[in-house]
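Before any comments, here is the structure.
Coordinate-derived values only; no laboratory data. Here the structure is a predicted model, which is why all the values come from computation and not from measurement. Cβ placement follows ideal geometry from the backbone for every residue including glycine, while neighbour counts extend to all protein chains displayed.
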């Protein structure tokens, strides 16, 4: 028991303390100890500790996953009220029989009767050789998770079932990482209504995104775009960026936030070469856009130094009567002192475009620039470079 006055603090303050502890690096250890220290903190600690049900066999044998399930079921069955706290189901498993594991289905049955069932599921496939993707869609439908899920995160699937979107008709947020689907799939649920997604985050999943945009016969719609508010994609994935303009055309009346900030699947060194965005991206119809963020790279050894000019042209394609409130630019600079290629970029022109787009209304412009460094290389002369950039902005 904690000594007064800590345990006698107002409920709101105790909850605030727990919520702050939940942001610490090893928060689960802190909250576990705090939950045992005083009953006044127990429930709020449990809200964080049991918010996520995680299953991960780490490429291990099937019996390891079964043991995990058995241990978690033992905890939840001995105290069913804890099942009411689960909001996220995180599955990293290669076992296609997961929804046939009795203890796992018992947990799902507990979630079914929860006043607030899980709203988020993350599924990462660990072994495609054993995968039976259709089982996941059927499992979600069987245990009514499809009726409560609003967020889905799919990772590393070479054959994702399109049914998974059709059964989860209430999805609002979709995250795709390295996702593909079998083009031979047919609509096994013609009476289901596709979800009206509001937030899409995607990396290395251009094949499925392209399928999302096929809404006319003979294809069947998998999602509806009419409510999309937020889009996150990588500006360094050419195949994905080739699709972005079509997405913008379909969501010009609703899209409020565009983030071209996702790290490309290949990451480095491909991102050392920034390809032009202005030839493939036109924001003329995006009058509802409030937030626009870009991650770009400047290679000091490039033959032409036109990255900022290209970004300024892209920004300038917004209509003069626009709703933009925040423009953020994150720059990663590759090179060595004196970083001449970076200095030669047209910083003044970018500032001019920002002012032009603002049209006299308040506009927040965030610039975050940094010189790339590796464990084997510590860049020199960065302070002088940052001072130069700041001075050129100030004088613009």
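By the count of other C-beta atoms within 10 Å, a proxy for reagent exposure, 211, 39 are ordered fewest to most as 39, 211.
Once the mean of 1/r is taken over each pair of separate Cα atoms and inverted, the chain shows a Kirkwood hydrodynamic radius of 24.1 Å. Simple spin-label estimate for residue 198 and residue 100 gives 3.9 nm between the two label positions (7 Å along the Cα-to-Cβ direction from each Cα).
What shape does segment 181-321 take by its C-alpha gyration tensor, where a ≥ b ≥ c are the square roots of the eigenvalues and a/c under 1.5 counts as rounded, a/b above b/c as prolate, and the rest as oblate? Here segment 181-321 falls in the oblate category.
Give the angle, between 0 and 90 degrees and rounded to the nearest 10, that separates the Cα long axis of helix 39-49 from the longest principal axis of the Cα atoms of the chain. Helix 39-49 and the main axis of the chain meet at about 60 degrees. In terms of other Cβ atoms within 10 Å, 125, 172 run from fewest to most in the order 172, 125. Entry note, segment 252-396: relative contact order of 24 percent, from Cα contacts under 8 Å with a spacing of 6+ residues. Using only the alpha-carbon atoms, how far is helix 62-78 inclined from the longest principal axis of the chain? Give it as 0 to 90 degrees, nearest 10. Helix 62-78 and the main axis of the chain meet at about 70 degrees. Overall shape: prolate for segment 270-396, with the ratio a/c of the largest to smallest alpha carbon gyration tensor axis at 1.5 or above and a/b above b/c. Relative to the longest principal axis of the Cα atoms of the chain, the long axis of helix 27-37 makes an angle of roughly 40 degrees. Counted residue by residue at 0.36 nm each, then reduced by the alpha carbon distance between them, the extension gain from residue 356 to residue 169 reaches 63.1 nm. Taking other C-beta atoms within 10 Å as the exposure proxy, 21, 168 rank 21, 168 from fewest upward. Going by a ≥ b ≥ c, the root eigenvalues of the Cα gyration tensor, does segment 51-227 fall in the rounded group (a/c under 1.5), the prolate group (a/b larger than b/c) or the oblate group? It comes out prolate by the Cα gyration axes. Only helical DSSP H runs with n ≥ 4 go in: add -39500 (n - 2.57) per run for the chain, normalise by residue count and round the 222 nm mean residue ellipticity to 500 deg cm²/dmol. Result for the chain: -10000 deg cm²/dmol, rounded to the nearest 500. A Förster distance of 22 Å, applied to the separation of the beta-carbon atoms of residue 78 and residue 19, puts the FRET efficiency at 0.25.
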